[in-house]
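One structure is given below, encoded as structure tokens.
Each reported figure results from applying straightforward, stated rules to the coordinates on display, with no laboratory input. Values in this document were obtained by computation on a predicted structure and should not be read as measured data. Please note: Cβ atoms are built from the backbone with ideal geometry, for glycine as well, and neighbour counts cover all protein chains shown.
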Amino acid sequence: MTTMTTAELAIDPAVRAYVDQRLAELRARQPDDRVTLVVFSGELDRNLAALVIATGAAAMGLEVSVFYTFWGLSALKRQPTLRGKGLKEKLFALMTPSRLNRMPVSKMNFGGVGRLMLQSMMREKQVASVDELFAMARQLGVKLIACTMSMDVMGIAREELIDGVEVGGVATFLGDAARSRVALFV
Amino acid sequence: MAEYRTVDARGLKCPMPIVKAKKEIDAIPVGEVLRVIATDPGSVLDFQGWMKTSTSYELLKQEEGQDEQGRKTFVHLLRRKA
């Protein structure tokens with residue numbers, strides 16, 4: 001192999017322009033240091049896992065977006081109201097937990113006894129509660145987004161959700177997920 | 001040892017040692033060192049993992065020890081670079 005001189009390396013301006021343009025395109029498509037989660041589950045243990053990832057990632061300096069959809073919306077509820085709801089919507093409001101720490105566990109719930117046991121074991125072992133982690137996530141700037149379609153289906157009004165939550169659809173999720181290094185469905 | 005600002009994360013479980021350390025390290029001047037004492041054995045790999053995604057901090061040292069209550073501790077020294 002022969003050594004090239006600087007003169008031989010001189011690049012045609014058209015080639016350089018093409019390379020620069022391709023580089024800019026590729027850079028724009030590079031993922032951000034971002035983590036995107038979908039929380040579909042309304043179960044305490046799964047929400048705990050999602051919140052541990054969200055707070056951990058935010059603490060590590062990653063941008064975090066969490067999309068709450070279907071049963072997951074329970075995590076964002078403030079005070080459910082029955083006013084203005086149809087019968088089925090009322091039933092959904094009554095049958096779904098209205099607080100994160102009242103969610104059932106996904107296994108061995110036994111009418112809520114399993115949840116209480118898990119929560120007491122978590123306390124004994126100094127694991128942060130879902131409420132603490134949720135508060136921490138907000139403090140660390142984790143972006144919370146509620147899925148409008150599932151809110152609509154379940155008859156959940158914006159006013160029933162806590163403040164500081166954005167609402168969006170699948171494109172909002174994909175817009176963040178496509179730029180993420182990590183995207184998870186919980 | 002004593003001259004470093006210290007975060008006591010003993011007894012705390014994942015993800016709290018990282019969360020607490022992050023809060024504290026952003027409060028110290030650039031170039032300074034933060035010392036984190038944890039009892040969670042997972043914190044050893046966790047701090048290494050954090051450094052993989054961060055350009056603002058570096059992990060100077062990790063060492064195992066024991067506290068006055070006889071608990072096994074993991075001490076992490078982090079420097080704020082930016």
Please work out the C-alpha center-to-center distance from region A:152-181 to region B:40-66 and express it in whole Å.
34
Which listed residue (B:21, B:43, A:75) has the Cα farthest towards the positive end of the charge dipole for the protein assembly as shown, taking +1 on Lys and Arg C-beta and -1 on Asp and Glu C-beta about the Cα centre?
A:75
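Quick check on the protein assembly as shown: what are the equivalent-ellipsoid semi-axes from the Cα gyration tensor, as sqrt(5λ), descending, whole Å?
Working: eigenvalues 315, 203, 38 Å².
Working from the Cα gyration tensor, I get semi-axes of 40, 32, 14 Å.
From the helices alone, meaning DSSP H stretches of at least four residues, give me the mean residue ellipticity at 222 nm for chain A, per-run term -39500 (n - 2.57), in deg cm²/dmol to the nearest 500. Mind showing how you got there, number by number?
Numbers: 8 runs with 82 residues, N = 186.
Rounded to the nearest 500, it is -13000 deg cm²/dmol.
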I need to check one value: relative contact order of chain A, counting alpha carbon pairs closer than 8 Å and at least 6 residues apart, in percent.
33
Show me the three semi-axes of the equivalent ellipsoid for region B:5-65, from the C-alpha gyration tensor (sqrt of 5 times each eigenvalue), largest first, rounded to whole Å.
17, 13, 11
Compute the FRET efficiency between residue B:58 and residue A:92 as 1/(1 + (r/R0)^6), taking r as their Cβ-Cβ distance and R0 = 51 Å, and round to the nearest 0.05.
0.50
Cα-projected label distance for residue A:159 with residue B:69, points at 7 Å along beta-carbon direction, nm
4.8
Measure up A:125/B:72; B:52/B:81; B:22/B:52; B:22/B:72; A:143/B:13; B:13/B:72 against 18 Å on the Cα-Cα distance and list the ones that go over.
B:22/B:72; A:143/B:13
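Quote the charge dipole size of region B:5-65 about the Cα centre in Debye, to the nearest 20; the model charges only the Cβ of Lys and Arg (+1) and of Asp and Glu (-1). Working shown, then result.
Working: 9 positive and 9 negative charges, 28 e Å.
So the dipole magnitude of region B:5-65 works out to roughly 140 debye.
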